[in-house]
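One structure is given here, and the rest of the page talks about it.
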Amino acid sequence: MNVSRRSPRAEARPPLHRQAWLPWLLLTPGLIWLLLWFVLPLAQLLPVSLSENADRFRMTLVFRGRIANYAEVMTQYAPVLARSLAYAAASTALAALIAYPLAWVIRFRGGRWKGLLLALVVLPFFTSSMVRAIAWTTLLGDDGPLLSTLRALGLPPGTRLLNTAVAVVGGLTYNALPFMVLPITLSLERIPTELLDAARDLQAGPWIVFRRVVLPLSAPGLAAGIVLSLIPAAGDVVNAQFLGGPNNRMIGNVVQSLILVQRQLPRGAALALVLMALMTATVLVHVRRHGSSDLTLS
Amino acid sequence: MIPADFGVIELEGVQRRFAGTAAVDGIDLAMAPGEFFSLLGPSGCGKTTTLRLIAGFDRPDAGAIRLLGQDVTDVPPHRRRVNTVFQHYALFPHLSVWDNVAFGPRNRRLPEPEVRRRVGEALERVRLGELARRRPSQLSGGQQQRVALARALVNEPAALLLDEPLAALDAGLRRTMQQELKRIQREAGIAFLLVTHDQDEALALSDRLAVMQSGRIAQYGSPREVYDRPVNEWVAGFLGRANLLADPLGGGRTMLRPEQLTLRGEAPHAEQAGRRARVVAVTFQGATLQVVLRDGDGQELVARIGRQDPAAGVRIGEVLWVVWPVQAGHHWSS
Amino acid sequence: MRMGNALLMGVAALAYGVLFAPIVVIVVFGFNAPLGRFNLIWQGFTLENWLHPLRDAALSQAFATSLGLALSASAIATVLGGLMALALTRHRLRARSWIEMLLVLPLTSPEVVLATSLLNLFVQTNLPRGFGTLLIAHSLFCLSYAALTLKARLVEMDGSLEEAAMDLGARPLQAFRLVTLPLIAPGLLAAFLLSFSLSLDDYIISLFTAGETVTLPLYIAGAFQREISPQIHVLATMVLMASVALLGLSVRSGRSA
Amino acid sequence: MPRQAQPVPAPLSREEPLPSLGRRRFLRQAVLAGGAAALGPALLAACRSGGGDRKRRLVISNWPLYIDPTKDGVPGTVDRFRKQTGIEVSYSEDQNDSVAFFAKIQPVLAAGRPIVQDLFVTPYWLAERLIRLGWADPLPLDGVANASRLIPSLRKPSWDPSGRFTLPWQSGITGIAYNIEATGRPLTSVDDLFDPRLKGKVGFLTEMRDTMGMLMLADGKDITRPSYAAAEPSFARLEQAKKDGQIRAFTGNDYQDDLLAGNFAACVAWSGDVAQLALEQPKLRFLVPPTGTTLWADVMVMPKGAPHRQEAAEWLKFVYDPATAARIAAAVKYISPVAGVQEVLARTPATAALARNPLMFPDREMEARLRVFGPLASGEEARFDERFASITEG
């Protein structure tokens, strides 16, 4: 998409309006919204995670400072947590491997179709993820079109996709694709073609141009893509629920089960907060290193 | 320092700090009606900030700003009778040339026939009448510049503020636009305040100028005064090449512009001063030649001579006399 | 080089193939005539589902609820987010980086965590769950997206344009209406569309905060248990077609600005 | 007993039941009937909070496809009730997941406020919990003569010993459904689910009592008085099967998707569903394990503070009329709780085959295999739930 000329001093521009209260007037409604429905609920989760569920059906919580909740969920669900992170990492890596060449093609081969090609990456996500999950079960089923075709091509019978780790990681990868393609394309977009010409002029082959010039310069976009893929994947519920089997459950499924099914709000809250802490740490590391602008695809 | 009979714009002790450092550090300034005034200085000296303070986009931490004798320090930009030509023109991309120019008059709720008359006139003045329907993106840089001028002038401001208006244009166009600016200013009779880092531009256009350095005004004066009698070495150097010679008797220095030096075979006579020096470099500069020489003390001297000058044939390595009239040059006693 | 090029194009083509594989299934199965309750196996072509897209009344009801929810949540998010974006880009704020962090965190928080914390809040404060709580939850996660999308637009937009407007005698609000608003209109549309599609698609947060209200994703998750009617595919295809139209519109308006 | 080891053949009946059940349009009609009233509950709730509610209304929530729909001009039970009594019924088929439903109503009932529904249909064990929590009102059974004429297996239920709080809607049998083509042989026991040849093609239910009840019975345990200790070996067996990859998925009703799509060769399933599914997939079979299995019931419950007692009484009376009950049973093919339904169906030639179906009307041999999973004390239930979740969600 077209990158418009930025005013060189846009960042350093002093205030337009002289009233100091005006920005706060603009910020207040949104800040109230964020504080009320984001910060406050999260803060409330902490005492809940340290409580004891006196009656799990009446949901009467008694605050006991019960740190054991954390110890319990961490020991009991360590394998699920590890699996979630592994799936998230695998899907992120896969998405990066697919998205980078795709972004490259869009950026350097897209020509006047660039905008359209980028829009096509986003378009599938305008269908409901639920309906897509149904479509995946149709596609990946044991007698579905994909396996039937592959079997005709010599895949040994008995090979499964649906309800396996492959399907879950595949689903996560699919969801991660736009979050990977968009920031990488935007960061490639920012590399002036003259730099590539300069590199070629200095006798760099295509591989060297990529590795020494393009890759380092697009690193912030790639990093943002990784964060934007990793976090939703690690907390995902739908893919494991619809495409996975009992050995592929993820931490999101456990939190859902703890809270809605087993009605153990304190432990659910504890697990949710552990997940939140892990993800926030990831984001903070990223922001410290690359700033937050790429995370917001801007 | 401020002349008494003023003025369109007056600044008194204006100060603006950003994050602790002073971008504008106590400026006094006064502009006469109809005057072409320039603020000249290197980037970061505070000249653009000063302009923004005058336009009202920013507010000084101390000091006062007066327009036509009225204190406007706390008046918002839309109620100040000045208009700005922005560095990148800031033309509204979603409006046609005509609508850009009509933006101001319409804001002042002039009757539409009046708006039409004025916009037509303003576009004629900048010779853009036939492009009125276009969008800014369909114009060349020079044309955009003219639209920006017309858009500001149409409001008949008390003063026009120009923020590096020619910086984005190439050399040829810039020269043409300099003449245009001067013509328009004369025709409109409006005071222009030009902010620029280009000393040639400032010298060529201004009636008066102020040289800014680190948030302060280093020197005021006509272009001639500032060029010939800079207050210090920094100003001297900023306005052009300057040969700085220590007085042989100590305590004091003399500045000589390269064009004040002549090159000869024989020693200087009375009324003249000079030194013997060896030619180190000769640079062809079109109408003139620039000759760099070094004397026995290692002092470098730069001379600019015409191509018809007998010394025009000098070669590197030749030893010559560098000569100047005794009363030439500007002397600072220490 | 030539082989690398072919490889590159191959990966890209494959990626698009994978991206659109489920979409093709969704579109195609809208024309299926399933024998039983589950539209999962191709049985035969029919236009019946397209002729009666709203036959499944509960589905239509859920769809209507989701549309209403997405519209109102996106409106709230776009307005609140837009104001925040304005404050962040057009004013010097000491707390800016903190506020930006506060905006980034909701969109980098796992959905299930947001869902849990909101549910807990609603339960503890005895706020009856339903459309209202859904609206709160949806507008919250859309707010960050809207604010940050618009912020990007505003940063990109030359700030001196607003100064120019005021310089030419426009009052601040006038400058906003005459210059800023038309210029960020494509951004507003983009932010609104993004919020809209996020809200329309949300499952986990809705599951926790919906109460008795049934949104489209909740309905479909339920339908997975009892009946997957072809109308689900038809409605999904319709949403897709509308998105294509709106996307085209926003690309065009973005180009003309 | 010669029949014991033999699977009950499905399809159970190829004949059209009483309110003739077209195959393809069955569902749409059902949803139309129920869905039209989808807006009802919200409106009603609004009215109710306003106070004076003179109109005769009733809000019912049930599982989908659990009643005979209006179809081809023949009015279904809901419409006939409307017409006969003039009561404005809002009948929603919004019960997909009893656990999620409980999570929804729990905060409201815990706060002592009435929920939207006057009556809802819920699994027996959840009813037992609601009664225990004091969140159910006694049903207005005085005018419902047939309430005392239940089929024997549902009398004096363990989940509601007083019999005042619940009335069964339908009852059913948990068994093993399988695709004979995929298994290659008739299945004969619960052990067959653990046959390595079916690895990765077996499904179990997320409904803990149904899955565990069947496994515990296969292990020779008494599930009418379940204890965690007795269940542990069955849990261990299930867990091992899961780890080995024997179990493809734990499902709710969506096992039907997988059975049809060929992803499951065999799975734990519910009798009535399979009877309906067999219409689409003739290779489906249903086994009631000889080691025994669970008999379950979905029961009608009146939540605390439900305002329309009188109307609810009329509804109970209406649906417990054997003629109405027979229509419902013929449509959903589960076990009707009302005595006399079998006779009604047997009298009509079109439905006579249904009357002979042991899955709808268990004979003595069948009944001997059926057990109701007994109530669990709260702490015990937590252990069961947690252990089960550690397998399904671990």
Open to solvent by 10 Å² or more (accessible area, probe 1.4 Å), at pLDDT 80 or above and not in a helix (DSSP H, G or I): is that true of C:V244 in this structure? no
Looking at segment A:42-62, I want the residues that are within 18 Å of D:I105 (Cα to Cα) and have a partner that is open to solvent by less than 60 Å² (accessible area, probe 1.4 Å) and among the β-branched types (V, I, T) with Cβ atoms under 7 Å, at least 6 apart or on another chain. Which pairs are those? A:M59/C:V123; A:L61/A:V48
Can you tell me which residue among B:Q213, B:Q219 is under 17 Å from B:I27 (Cβ atoms) and touching a residue at least 60 places away in the same chain (Cβ under 8 Å)? B:Q213
Which residue pairs have Cβ atoms under 7 Å apart, sit 6 or more places apart or on different chains, and have a first residue in segment C:166-181 that is more than 7 Å from every other protein chain (Cβ to nearest Cβ) and open to solvent by 50 Å² or more (accessible area, probe 1.4 Å) and a second that is modelled with pLDDT of 90 or more and part of a helix (DSSP H, G or I)? C:L178/C:A165
What do you reckon, is A:L258 more than 21 Å from A:F179 (Cα to Cα), more than 8 Å from chain C (Cβ to nearest Cβ) and open to solvent by less than 20 Å² (accessible area, probe 1.4 Å)? yes
Residue list for segment C:54-86, restricted to those being more than 13 Å from chain D (Cβ to nearest Cβ) and either free of Cβ contacts under 8 Å to residues at least 12 places away in the same chain or not in a helix (DSSP H, G or I) (or both): C:V79, C:L83
Subset of segment C:221-236 [in contact (Cβ under 8 Å) with a residue 60 or more places away in the chain and either at the interface with chain A (Cβ under 8 Å from one of its Cβ atoms) or within 13 Å of C:L51 (Cα to Cα) (or both)]: C:I228, C:P230, C:Q231, C:I232, C:H233, C:V234, C:L235, C:A236
Counting only residues in segment D:332-351 that are touching a Pro at 6+ places or on another chain (Cβ under 6 Å) and open to solvent by less than 10 Å² (accessible area, probe 1.4 Å), the one farthest from D:T294 (Cα to Cα) is identified as D:T351
Members of segment A:41-58 found to be touching a strand residue (DSSP E or B) at 6+ places or on another chain (Cβ under 7 Å) and not in a strand (DSSP E or B), listed by number: A:P47, A:V48, A:L50
Selection status of D:K317, open to solvent by 20 Å² or more (accessible area, probe 1.4 Å), over 23 Å from D:P123 (Cβ atoms) and within 14 Å of chain A (Cβ to nearest Cβ): no
Number of positions in segment B:285-318 that are at positive phi and either in contact with a Cys (Cβ under 7 Å, 6 or more places away or on another chain) or at pLDDT 90 or above (or both): 1
For A:P157, state whether it is assigned to a loop (DSSP other than H, G, I, E, B), free of Cβ contacts under 8 Å to residues at least 40 places away in the same chain and either open to solvent by 40 Å² or more (accessible area, probe 1.4 Å) or not β-branched (V, I, T) (or both). yes
Mind checking which helices (runs of 4 or more DSSP H) fall wholly inside segment B:35-144 and carry at least 2 residues that are of a type in the set (A, V, I, L, M) and in contact with a strand residue (DSSP E or B) (Cβ under 7 Å, 6 or more places away or on another chain)? B:47-55
Within segment A:220-237, does at least one residue satisfy the condition of being assigned to a helix (DSSP H, G or I), more than 10 Å from chain C (Cβ to nearest Cβ) and more than 16 Å from the chain's Cα centre (by Cα)? no
Here the qualifying pairs (Cβ atoms under 8 Å; residues six or more apart or on different chains; first in segment C:26-53 and open to solvent by less than 60 Å² (accessible area, probe 1.4 Å); second among the acidic types (D, E)) come out as C:A33/C:E48; C:G36/D:E280; C:R37/C:E227; C:F38/C:E227; C:F38/D:D257; C:L40/D:D257
Are any residues in segment C:145-165 open to solvent by less than 10 Å² (accessible area, probe 1.4 Å) and more than 8 Å from every other protein chain (Cβ to nearest Cβ), and if so, which ones? C:A146, C:L150, C:L154
Inspect all residues belonging to segment C:91-110 and state whether any of them is at the interface with chain A (Cβ under 7 Å from one of its Cβ atoms), crowded, with 22+ Cβ neighbours inside 10 Å and of a type in the set (K, R). no
Residues that are without any contact (Cβ under 8 Å) to a residue 40 or more places away in the chain, in a helix (DSSP H, G or I) and among the small types (G, A, S): does segment B:238-258 have at least one? no
Positions within segment A:265-294 being more than 8 Å from every other protein chain (Cβ to nearest Cβ), open to solvent by 20 Å² or more (accessible area, probe 1.4 Å) and more than 18 Å from A:G235 (Cβ to Cβ), in sequence order: A:R288, A:R289, A:H290, A:G291
Given segment D:72-185, what helices (runs of 4 or more DSSP H) lie entirely inside it while holding 2 or more residues that are among the basic types (K, R) and either at pLDDT 90 or above or open to solvent by less than 20 Å² (accessible area, probe 1.4 Å) (or both)? D:77-85, D:124-133
Look at segment A:174-197 and say how many of its residues are open to solvent by 10 Å² or more (accessible area, probe 1.4 Å) and either β-branched (V, I, T) or in contact with a Gly (Cβ under 7 Å, 6 or more places away or on another chain) (or both). 3
Give the residues of segment C:191-212 that are within 23 Å of C:K151 (Cβ to Cβ), open to solvent by 30 Å² or more (accessible area, probe 1.4 Å) and away from chain A (no Cβ under 11 Å), sorted by residue number. C:F192
In segment C:152-175, what count of residues is obtained for those that are part of a helix (DSSP H, G or I) and under 14 Å from B:H94 (Cβ atoms)? 6
Residue list for segment D:295-346, filter: under 15 Å from D:S171 (Cβ atoms) and among the charged types (D, E, K, R): D:D298, D:K333
Sort through C:S97, C:S72 and tell me the only one that's under 28 Å from C:A210 (Cα atoms) and not basic (K, R). C:S72
Quick check, is B:L169 free of Cβ contacts under 8 Å to residues at least 40 places away in the same chain and outside any helix (DSSP H, G or I)? yes
Look through segment A:26-66, keep the residues that are farther than 16 Å from C:V123 by Cβ and more than 11 Å from chain C (Cβ to nearest Cβ), and return whichever of them is nearest to the chain's Cα centre (by Cα). A:L50
Taking B:L110 as the residue in question, decide whether it is within 14 Å of chain C (Cβ to nearest Cβ) and surrounded by fewer than 20 Cβ atoms within 10 Å (Cβ to Cβ). yes
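The values are calculated or read from the model by the stated rules, or taken from the named source; none is laboratory data. This one's a predicted model, so the numbers in the text were calculated from it and none came from an experiment. Quick reminder, even Gly has a Cβ in these numbers, built from the backbone with ideal geometry, and neighbours come from all protein chains shown. With ligands, DNA and RNA removed, areas are computed over all heavy atoms of the protein, side chains included. Shrake-Rupley method; radii C 1.70, N 1.55, O 1.52, S 1.80 Å.
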